[in-house]
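The values are calculated or read from the model by the stated rules, or taken from the named source; none is laboratory data. Please read all numbers here as calculations on a predicted model, not as lab measurements. No Cβ is skipped: glycine too gets one built from the backbone with ideal geometry, and neighbour counts run over all protein chains shown.
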Amino acid sequence: MEKVVQIAATNALSFALSYVAVLALMSVILAVRVILGRYAAKVALGDGENRMLARRIRAHGNFSEYAPFLGLLLIGLALLGAGEGLVHAVGLTGLTGRVLHAVGLSRTSGPSWPRQAGMVLTFTALTIGAVSLLVLAWK
């Protein structure tokens, strides 16, 4: 109980949950883009071999593959007493990575600097978050 009181006295959990909320909103935006793309292409299931729709589906799918881990790491870090700086470092790096990747993938199915930078930032956030979580969990 003492740990919960200590956590409540910091802003780290509020910041972590704010990043999770922004990631959730981004997921909704990407999902709505898929729905609108399906409507425009008159495709009920799959991508109907429509390149624009395929990119939108992959942008949402790729986001959905990584964002939940970012959210879990952020909440875990805050719950284990990570400082606000670490929560912001993981949160901003991961969120920026997810935005860049989604923008890059939405524009082209080929390689692009936003996609590449987005994955580098995402992997950096996941790695720093995971290693930090392990350190905090076992100290």
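The rows are residues; the columns are (1) closer than 30 Å to SER14 by Cα; (2) of a type outside the set (Gly, Ala, Ser).
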site: HIS60; (1), (2): yes, yes
site: PHE63; (1), (2): yes, yes
site: TYR66; (1), (2): yes, yes
site: GLY76; (1), (2): yes, no
site: LEU86; (1), (2): yes, yes
site: LEU95; (1), (2): yes, yes
site: ARG107; (1), (2): no, yes
The correct count of residues that are in contact (Cβ under 8 Å) with a residue 12 or more places away in the chain, assigned to a loop (DSSP other than H, G, I, E, B) and within 25 Å of VAL34 (Cα to Cα) in segment 69-115 is 2
Restricting segment 9-23 to residues that are without any contact (Cβ under 8 Å) to a residue 12 or more places away in the chain and of a type in the set (A, V, I, L, M, F, W, C), the one surrounded by the fewest Cβ atoms within 10 Å (Cβ to Cβ) turns out to be ALA9
In the set LEU133, LEU86, LEU25, the lone residue that is within 13 Å of the chain's Cα centre (by Cα), modelled with pLDDT of 95 or more and hydrophobic (A, V, I, L, M, F, W, C) is LEU25
Does SER109 qualify as being buried (at least 16 other Cβ atoms within 10 Å of the Cβ), farther than 17 Å from MET26 by Cα and not β-branched (Val, Ile, Thr)? no
Filter segment 44-65 for residues that are more than 14 Å from ILE29 (Cβ to Cβ) and basic (Lys, Arg); the one that is surrounded by the fewest Cβ atoms within 10 Å (Cβ to Cβ) is ARG51
